[in-house]
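Structure first, commentary second.
The values are calculated or read from the model by the stated rules, or taken from the named source; none is laboratory data. Because the structure is a prediction, the values reported are computed rather than measured. Methodologically, a virtual Cβ is constructed for each residue, glycine included, from the backbone with ideal geometry; neighbour enumeration extends over all protein chains shown. Accessible surface is based on the protein model in full, side chains and every heavy atom, while ligands, DNA and RNA are left aside. Shrake-Rupley method; radii C 1.70, N 1.55, O 1.52, S 1.80 Å.
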Amino acid sequence: MVYCIARGLLLFCFTVSLAVLSGKLDAADIEITGISDKRVLHNVRAHVESIARPTLSYQFDQYQLQLVQQSQNALEVFGYYHAQITSSAATKTGDTQDWLVAVMLGQVTRIRQLSVQIEGEGKAQPEIQGLLDSLPIKTGQPIEHGAYESTKKQLHSLALSLGYFDFEFIENRIQVIGSLKVADITLTINSGPRYRFGDLKFDKDTKARSLVTQLLPFKVGDFYQASVVTLFSQQLKQTPYFSHVLVRPLFAQSANNAVPIGLVLTHKPTDNFDIGAGLSSDEGPRFTGKWERPWVNTKGHALGAEVFLSAPEQYASLDYRIPLEDALKNYLGLQLGAQYQDNNDTVSDKVSISATRHWTSHRSDWQRSAFVRLEQETFTQGLQAQQTTLLLTPGASISRLRSKGGLDVYWGDRQTISAEFARETLFSDIDYVRLTVQSKWLRSFDKHRFLWRLELGGIDSSDFTQVPASLRYFTGGDQSIRGFSYESISPFELDANGDRELTGGRYLAVASMEYSYPVANKWRAAVFLDAGNAADKLSDEISVGTGLGANWLSPIGPVRFYLARGHNQFESAWRIHFSLGPGL
């Protein structure tokens with residue numbers, strides 16, 4: 001044992017002695033002086049730190065030469081071709097040898113002449129000419145190799161996106177005149193011909209051919225544009241038919257300056273099921289079940305059903321969708337539905353059948369629809385006797401939804417305007433007209449986030465007592481005026497005990513503003529003000545809700561908690577609200 005320890009100590013001492021005698025040193029630090037520009041300094045440091053550090057003293061001279069050379073290479077990237085650079089060993093501390101790189105930048109080399117010439121069809125391309133007017137390199141600027149390479153990359157990428165697949169640089173040269181400290185840049189480009197869209201090539205798929213052709217945003221023979229290919233792919237993904245979509249130009253199969261477009265489509269299963277659950281203080285627990293058969297036939301007809309269950313409301317519907325001009329933006333929907341509601345002073349049982357034409361212009365993101373609905377509703381509202389109303393209702397709506405941010409939406413808006421009417425002369429029990437406007441705006445300014453909401457509505461009827469409960473206006477709750485229970489604000493009648501029995505209103509006017517600010521990771525604090533009413537007269541006193549809230553970005557979406565105080569002439573109370581789902 002003693003022998004082993006002694007042998008180990010002897011070996012350690014021998015190793016240390018050998019390192020000292022041979023000049024072996026630890027890794028060094030490098031100090032760089034004379035450079036104030038952080039970009040230039042960072043580049044020089046990256047270059048010199050890539051050099052292997054000397055471990056033996058006889059390697060010092062070679063290392064110093066490498067420090068100078070790499071520094072020079074790094075500086076020339078930014079136009080400093082005449083810098084004076086020295087390197088030296090700094091004061092040694094212990095076993096560590098530090099190094100000093102001293103730089104005198106001198107005069108930067110600037111661009112004297114910039115010549116960019118384009119030959120071929122791309123010479124007259126407006127997009128290419130527009131890029132030439134905004135290039136990152138200009139006469140009189142310091143020559144920067146990064147900007148030069150970026151210019152070449154931008155020109156090449158734009159040309160390819162516009163269909164100039166034979167694009168090439170005939171000449172790309174930087175000539176530095178050292179004595180004048182200037183540089184001349186020459187870029188000569190041959191764009192080649194602009195390719196056009198060729199035929200669609202399906203990957204063993206004939207079922208979707210006619211349906212896909214309806215969505216085609218280009219015609220064979222149109223000039224190629226990568227943005228149009230991207231749009232085509234997005235539209236196919238938004239349809240209910242495919243679980244995977246791949247759209248790509250087939251360059252290898254190009255002929256006569258036309259590039260075919262290849263399609264690989266994976267169809268959704270014959271039947272698709274979706275089950276969801278949620279919770280809010282308005283409705284309590286809720287359950288949703290959906291079934292969809294996206295391919296009823298080769299024309300793209302689709303069949304679906306939905307069931308919704310919550311304490312105050314339950315409904316079931318069956319939908320049949322028929323593509324018209326295209327399956328995404330222009331289709332006919334047929335629906336059969338049944339709904340039951342038992343909430344506050346409303347008990348309603350409704351069945352309906354409807355046909356709705358949906359269409360969206362390619363030049364607008366507004367979605368339009370026109371419908372005709374036949375419905376019969378048996379309802380009891382407040383103290384009113386049970387009655388049944390039959391309505392044949394034509395109507396129309398226009399809506400738009402825009403958003404940015406995914407689960408955590410930071411910008412967006414939702415607009416909806418709908419109008420409907422019925423006439424006794426058109427198989428209805430009453431005359432009525434109903435108009436509703438809803439608007440939400442979400443905007444962020446740095447970390448500050450604002451949400452505005454406005455709801456307006458009105459009903460004109462020959463006999464308001466026969467207007468079904470589902471068409472009358474109520475407000476209050478998570479999504480309207482916080483501080484009040486769900487749909488608890490409306491005109492009312494007093495029963496024999498002096499209790500209020502809601503009747504539903506002719507008019508609706510609600511406005512809201514909320515401000516939120518991040519206070520922790522995935523948490524935002526909020527303050528809000530809600531005000532409005534559902535009333536028979538626009539002059540009726542409004543109800544107000546104010547309070548504080550917290551928004552948590554959970555893995556499944558935003559969860560919102562609010563402590564709100566609601567106040568009107570009849571009550572003033574505190575309530576807790578919570579809901580799950582996107583802010584818009």
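What distance in nm lies between label points placed 7 Å from Cα along the C-beta direction at residue 399 and residue 132?
4.9 nm
Any idea how far the Cα center of the range 158-228 sits from the one of the range 109-139, in Å?
So the two Cα centres are separated by 17 Å.
Where the only charges are on Cβ atoms (+1 Lys, Arg; -1 Asp, Glu), what is the dipole of the range 480-584 about its Cα centre, to the nearest 20 debye? Please list the in-between numbers first.
Values: 9 positive and 11 negative charges, 143 e Å.
I would put it at about 680 debye.
Enumerate the amide H contacts of residue 141 below 5 Å, restricted to partners 5 or more residues apart or on another chain; note that Pro and chain-start residues carry no placed amide H.
Long-range HN contacts for residue 141: 111.
Under the 0.36 nm per residue contour assumption, what length would be gained going from the current alpha-carbon distance of residue 384 and residue 525 to full extension?
Details: separation 141, 0.36 × 141 = 50.76 nm, distance 4.39 nm.
Answer, rounded to one decimal: 46.4 nm.
With θ set to phi - 60° and the Karplus curve 6.51 cos²θ - 1.76 cosθ + 1.60, what are the ³J(HN,Hα) couplings of the range 97-109 in order, to the nearest whole Hz, using x for Gly and Pro?
With coefficients 6.51, -1.76 and 1.60, one gets 9, 8, 10, 10, 10, 9, 10, 10, 5, x, 7, 6, 7 Hz.
Quick one: which of 299/329; 268/299; 153/219; 153/447; 38/404 span more than 26 angstrom between C-alpha atoms? Show your work: numbers first, answer last.
Numbers: 299/329 15 Å; 268/299 15 Å; 153/219 29 Å; 153/447 34 Å; 38/404 34 Å.
Beyond 26 Å between Cα atoms: 153/219; 153/447; 38/404.
Only sites in a loop by DSSP and with at most 13 other Cβ atoms within 10 Å count here; which GluC sites (Glu not before Pro) in the range 48-152 make the cut? The partial results should precede the final answer.
Values: sites: 49, 76, 119, 121, 127, 144, 149; in loops: 49, 144.
Sparse-neighbourhood loop GluC sites (Glu not before Pro): 49.
Protein chains only, probe 1.4 Å: how do 53, 363 rank by accessible area, largest first?
Working: 53 70, 363 220 Å².
The most accessible residue leads, giving 363, 53.
Which sequence of 39, 565 reflects their accessible areas, 1.4 Å probe, from the largest down? It would help to have the intermediate numbers written out before the result.
Details: 39 125, 565 85 Å².
The ranking, largest first, comes out as 39, 565.
Just how large is the dipole of the chain about the Cα centre, in debye to the nearest 20, putting +1 at every Lys and Arg Cβ and -1 at every Asp and Glu Cβ?
Values: 57 positive and 61 negative charges, 409 e Å.
It comes to approximately 1960 debye.
Please give me the summed charge of the neighbours of residue 518: other residues whose Cβ is under 9 Å from its Cβ, Lys and Arg +1, Asp and Glu -1. Display every interim value, and only then the final one.
Working: positive: 447, 449, 522, 524; negative: none.
Charge balance in the 9 Å sphere: +4.
Would you pull out the residues with amide H under 5 Å of residue 484's amide H, same chain only if 5 or more places away, H placed 1.01 Å from N?
477
In square angstrom, what is the accessible area per residue of the chain with a 1.4 angstrom probe? Display every interim value, and only then the final one.
Numbers: 31200 Å² over 584 residues.
Spelled out: the 1.4 Å probe surface of the chain, per residue, equals 53 Å².
Tell me which residues come under 5 Å, amide H to amide H, from residue 262 once H is placed; ignore anything under 5 positions away on its chain.
Amide H neighbours of residue 262, under 5 Å, 5+ apart: 201, 248, 250.
What is the mean projected area of the alpha carbon convex hull for the chain, to one decimal in square nanometres? Let's see the in-between values first.
On the way: hull surface 184.1 nm².
For the Cα atoms of the chain, the hull's average projected area reads 46.0 nm².
Accessible surface of residue 574 in the full protein assembly, 1.4 angstrom probe, to the nearest 10 Å²?
150 Å²
Would you mind computing the Rg to Rh ratio of the range 422-557 from its alpha-carbon coordinates, Kirkwood style for Rh? Walk me through the numbers before you get to the answer.
Values: Rg = 18.5 Å, Rh = 17.0 Å.
Rg/Rh for the range 422-557 comes to 1.09.
What is the magnitude of the charge dipole of the range 296-381 about its Cα centre, with +1 placed on the Cβ of each Lys and Arg, -1 on the Cβ of each Asp and Glu, and no other charges, expressed in debye to the nearest 20? Walk me through the intermediate numbers first.
Numbers: 8 positive and 11 negative charges, 118 e Å.
Rounded to the nearest 20 debye, it is 560 debye.
Please report the net charge: other residues with Cβ closer than 13 Å to the Cβ of residue 391, K and R +1, D and E -1. Provide the component values of the computation, followed by the final result.
Working: positive: 350, 373, 423, 434; negative: 375, 377, 420, 424, 429, 431, 463.
Around residue 391, the charge tally is -3.
Within the accessible area of the chain, what % is carbon and sulfur when the probe is 1.4 Å and the other protein chains stay in place?
Values: 17640 of 31200 Å².
Taking all protein chains in place, the chain shows 57 percent carbon and sulfur surface.
In Å and whole numbers, how far do the C-alpha atoms of the range 268-413 stretch along each principal axis, longest first?
50, 38, 32
For labels at residue 84 and residue 50 in the simple 7 Å Cα→Cβ model, what's the distance in nm?
2.8 nm
Using the charge dipole of the range 73-212 (Lys, Arg: +1 at Cβ; Asp, Glu: -1 at Cβ; taken about the Cα centre), state which of 146, 169, 103 has its Cα farthest towards the positive end.
169
Rank 132, 231, 155 by accessible area, highest first, at a 1.4 Å probe radius? Write out the running numbers ahead of the final one.
Values: 132 40, 231 75, 155 5 Å².
Solvent-accessible surface, decreasing: 231, 132, 155.
Which ³J(HN,Hα) values, rounded to whole Hz and listed in residue order, are derived for the range 448-454 from phi using the Karplus coefficients 6.51, -1.76 and 1.60 in 6.51 cos²θ - 1.76 cosθ + 1.60 with θ = phi - 60°, glycine and proline given as x?
Computed from phi, the couplings for the range 448-454 are 8, 10, 10, 10, 10, 9, 9 Hz.
Quick one: Karplus J couplings for the range 280-285, per residue in order, coefficients 6.51, -1.76, 1.60, θ = phi - 60°, nearest Hz, x for Gly and Pro?
Each residue's phi maps through the Karplus curve to give 8, 6, 6, 9, x, x Hz.
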